[in-house]
Amino acid sequence: MSNASWNPYDPQSTMANFDPPGLIYDPTVVWYHSHNEGQGVIANDWEKEDETTLLVELSEEYEWHNGDPVTTADWKTDLDLMFRISDITSPDSNAHAVISDYEAVDDYAMRFHLHDAFSTDHVIQHAVATDMMIKEDVGDPSFGDWRDDLMDVDAESEEATQTVADFQEWTPSVDEVVGNGPFELVEVTDSAFVTEVYDGHPNAENINFTEYVIEKHSDQVLAFMEEEVDGIGLNLPASPDVMNQLPEHQKINRDYNHAWSLLFNLGNYDWTNSPAENPSNDPITSDRRVRHAISSAVDKEEIFASVPQQYELYELPSTFLNQSTVDEGVVDVEGYDYYEKDNEEATALMEEAGYQRDGGTWYGEDGEPATLRLIAQSGTSVQVDALDSARHQLEEFGFDVTLDAVDEATYGEARLNGDHDIIFDNHPIFSLTGLTYVGFVWDWFANLTHADYNNTTWEIPAEIGNPDASETMEINIMNEIERIPLTDGSEPLQRLTWWYNQVLPMYNCVVGRDYGAINASDWVVDAPDALLDNRVSEFNLVKIPDATLAPKQ
């Protein structure tokens, strides 16, 4: 911690990936991903002035820890740096996917001009909800000085490129850091981040203790078990034996989890940036009917019973959603296909796909056995155990199945090259963001499932919630994702989850949770579900007036 950079623009050590700043910096808005809603913190009001303009107002109650007010001058400095660096390093690209321009109206109002008529929720989530980490006069030179240097230099010159590099390598010293959150930085060591309540914070009177320390432990779960710490942000649950030894606890970050699924190889290697090199495998899982048959031939409860006990059964239809998102009604999954074990259905699908079973074995039209290659990392028990269960079930159904448990390097190369039909891997389901985040998630899925999501048009049942609908409709994933910010998102999200459920590039089986906990025997935790479900609730508990983190005595 003592060596961390305090410059959010340092690409090597960005503070955005370093949790303790959550104590000393406040966000303009905290966005609750699982519940798809935002709550104002420093920003206390916002409204659309027209389709492409949003006005955001800041509260006048917030101040930096040196007593200076938090104003739009600091926010504008951050935006100035972002946009100017983009002008220099990526002149042909938009500096921001949502914002085209901005202006500080006064000390407490910022106007954003948008690229398109995006929905208010989209703008808040992707443009406004950010930690206020940059104070214009912090550092020597200050952030404001760097901004001025970048503005003054010719954007097309080598000097501009060097100035960007110099700025990104620079950091204020720990002694120069000034926060604006509920806790003020006292000390940073190699193993502890020590803060104390800042009395000038609007929520200070609701905080019932004086010091908040983030400590480094080699085994966080053990530290919590032995009550060396009051809570941990992530890493529970461990094994059931360990969980039984933990103190009574309140779960936080409750939706920080991921689904482990049968990921099918769709066999499209011919697209720009495909990772496959000289692919030779023509997977039978490229046929949707075969994917559906496989999912109907395996019992995911048997897979669940085979994997380590810290995993839980994924009980929703395959949709890329978590339970909170469904419970909140963000997407209606009524009528979606669960692909429950049904050998008759699986048999009919295989026959429809052109396979015939003879002597208990499926054969293709070429007379060759229907083969499946499954690969797993030998050192990852959930992968090996799950695929061993799937192998046994699929062999019983009539497939010729090979399961290869290989080392990590071989696994990584094989799955990218498409040397498999099925792998068992995980993807995040802690929010809707994973379904719509084009820059990472879909590139990753494309690499693993070998499908060209950008350029493929998929045909699915036209009636959402009715897999047996006679009419079909066409859908392009990226087109639907692009529609989300221009609407309230409900229709394209419904279509995306229906596409996922019917095309079935992945069959969700079990859930691995990674939530955190606070010792319930010593602490009272009370907050809305939206806050407790979503990431970094351990920090939001001390920022939001309707949340409580208090010692019992």
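The values are calculated or read from the model by the stated rules, or taken from the named source; none is laboratory data. All figures in this text were calculated on a predicted structure; none of them were measured in a lab. So basically every Cβ, Gly included, is an ideal-geometry build from the backbone, and we count neighbours across all protein chains shown. Areas reflect the complete protein model, heavy atoms only, side chains present, ligands, DNA and RNA absent. Shrake-Rupley method; radii C 1.70, N 1.55, O 1.52, S 1.80 Å.
Which ones in the range 289-341 are open to solvent by 70 Å² or more (accessible area, probe 1.4 Å), closer than 25 Å to residue 393 by Cβ and in a loop (DSSP other than H, G, I, E, B)?
309, 315, 338, 340, 341
Collect the residues in the range 244-288 that are farther than 30 Å from residue 30 by Cβ, among the aromatic types (Phe, Trp, Tyr) and assigned to a loop (DSSP other than H, G, I, E, B), keeping them in residue-number order.
269, 271
Of the residues that sit in the range 344-375 and are of a type in the set (S, T, N, Q) and closer than 20 Å to residue 390 by Cβ, which one is farthest from the chain's Cα centre (by Cα)?
Filtering the range 344-375 for residues of a type in the set (S, T, N, Q) gives 347, 356, 361, 371.
With closer than 20 Å to residue 390 by Cβ added as a condition, the list becomes 347, 361, 371.
Numbers: 347: 37, 361: 41, 371: 35 Å.
The extreme case among them is 361.
Which residue, of 110, 132, is under 28 Å from residue 211 (Cβ atoms) and open to solvent by less than 40 Å² (accessible area, probe 1.4 Å)?
The unique qualifying residue is 132.
I'm trying to understand the selection: among the residues of the range 376-401, which are in a strand (DSSP E or B) and under 33 Å from the mean Cα position of the chain (by Cα)?
Taking the range 376-401 as the starting set, the residues that turn out to be in a strand (DSSP E or B) are 376-377, 400-401.
Within the range 376-401, 376, 377 meet the criteria.
In the set 452, 546, which member is on the phi < 0 side of the Ramachandran plot and touching a residue at least 40 places away in the same chain (Cβ under 8 Å)? Even if it seems obvious, please write down each step before you answer.
Working: 546 fails: touching a residue at least 40 places away in the same chain (Cβ under 8 Å).
Sole residue among the options that is on the phi < 0 side of the Ramachandran plot and touching a residue at least 40 places away in the same chain (Cβ under 8 Å): 452.
Restricting attention to the range 533-553, and to residues there that are assigned to a helix (DSSP H, G or I) and acidic (Asp, Glu), which single residue is nearest to the chain's Cα centre (by Cα)? So that I can check it myself, show each step before the final result.
Start the filter on the range 533-553 by keeping residues that are assigned to a helix (DSSP H, G or I), which leaves 533, 537-540.
Cutting the leftovers down to acidic (Asp, Glu) gives us 533, 538.
Numbers: 533: 13, 538: 18 Å.
In this case the residue turns out to be 533.
Which pairs do you get when a residue that is among the β-branched types (Val, Ile, Thr), found in the range 467-480, comes within reach of a residue that is surrounded by fewer than 10 Cβ atoms within 10 Å (Cβ to Cβ), reach meaning Cβ atoms under 8 angstrom, with the pair 6+ apart or on two chains?
So the pair list comes out as 475/457.
Do we find that residue 155 is modelled with pLDDT under 95 and open to solvent by less than 30 Å² (accessible area, probe 1.4 Å) in this structure? Talk me through it step by step, then tell me what you get.
On the way: modelled with pLDDT under 95: no; open to solvent by less than 30 Å² (accessible area, probe 1.4 Å): yes.
The answer is no for residue 155.
For every residue, the table says whether it meets (1) at pLDDT 95 or above; (2) over 27 Å from residue 497 (Cβ atoms); (3) open to solvent by 70 Å² or more (accessible area, probe 1.4 Å); (4) in contact with a Lys or Arg (Cβ under 8 Å, 6 or more places away or on another chain).
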{"residue": "346", "(1), (2), (3), (4)": "yes, no, no, no"}
{"residue": "349", "(1), (2), (3), (4)": "yes, no, no, yes"}
{"residue": "357", "(1), (2), (3), (4)": "yes, yes, yes, no"}
{"residue": "361", "(1), (2), (3), (4)": "yes, yes, no, no"}
{"residue": "369", "(1), (2), (3), (4)": "yes, yes, no, no"}
{"residue": "373", "(1), (2), (3), (4)": "yes, yes, yes, no"}
{"residue": "381", "(1), (2), (3), (4)": "no, yes, no, no"}
{"residue": "384", "(1), (2), (3), (4)": "yes, yes, no, no"}
{"residue": "399", "(1), (2), (3), (4)": "yes, yes, no, no"}
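All but one of (1) in contact (Cβ under 8 Å) with a residue 40 or more places away in the chain; (2) under 15 Å from residue 85 (Cβ atoms) hold for residue 135; which doesn't?
Every condition holds for residue 135 apart from (2).
Answer with yes or no whether residue 202 is within 23 Å of residue 22 (Cα to Cα), modelled with pLDDT under 95 and either outside any strand (DSSP E or B) or among the polar types (S, T, N, Q) (or both).
no
Where residues in the range 49-68 are open to solvent by 70 Å² or more (accessible area, probe 1.4 Å) and touching a residue at least 60 places away in the same chain (Cβ under 8 Å), which of them is nearest to residue 134 (Cα to Cα)?
Initial filter on the range 49-68 (open to solvent by 70 Å² or more (accessible area, probe 1.4 Å)): 49-51, 57, 60-61, 66.
Going one step further and asking which of them are touching a residue at least 60 places away in the same chain (Cβ under 8 Å), we end up with 49, 51, 61, 66.
Working: 49: 27, 51: 29, 61: 18, 66: 14 Å.
Filtering the range 49-68 for residues that are open to solvent by 70 Å² or more (accessible area, probe 1.4 Å) and touching a residue at least 60 places away in the same chain (Cβ under 8 Å), the one nearest to residue 134 (Cα to Cα) comes out as 66.
Scan the range 1-18 and give yes if some residue there is open to solvent by less than 20 Å² (accessible area, probe 1.4 Å), closer than 21 Å to residue 534 by Cβ and under 20 Å from the mean Cα position of the chain (by Cα), otherwise no.
Scanning the range 1-18, I find at least one residue that is open to solvent by less than 20 Å² (accessible area, probe 1.4 Å), closer than 21 Å to residue 534 by Cβ and under 20 Å from the mean Cα position of the chain (by Cα), so the answer is yes.
Looking at residue 45, is it more than 24 Å from residue 104 (Cβ to Cβ), under 27 Å from the mean Cα position of the chain (by Cα) and open to solvent by 10 Å² or more (accessible area, probe 1.4 Å)? Write out each step before concluding.
On the way: more than 24 Å from residue 104 (Cβ to Cβ): no; under 27 Å from the mean Cα position of the chain (by Cα): yes; open to solvent by 10 Å² or more (accessible area, probe 1.4 Å): yes.
No; evaluated as a whole, the condition is false for this residue.
Go through the range 516-532 and report how many residues are open to solvent by 10 Å² or more (accessible area, probe 1.4 Å), closer than 30 Å to residue 425 by Cα and part of a strand (DSSP E or B).
Of the residues in that region, 1 qualify.
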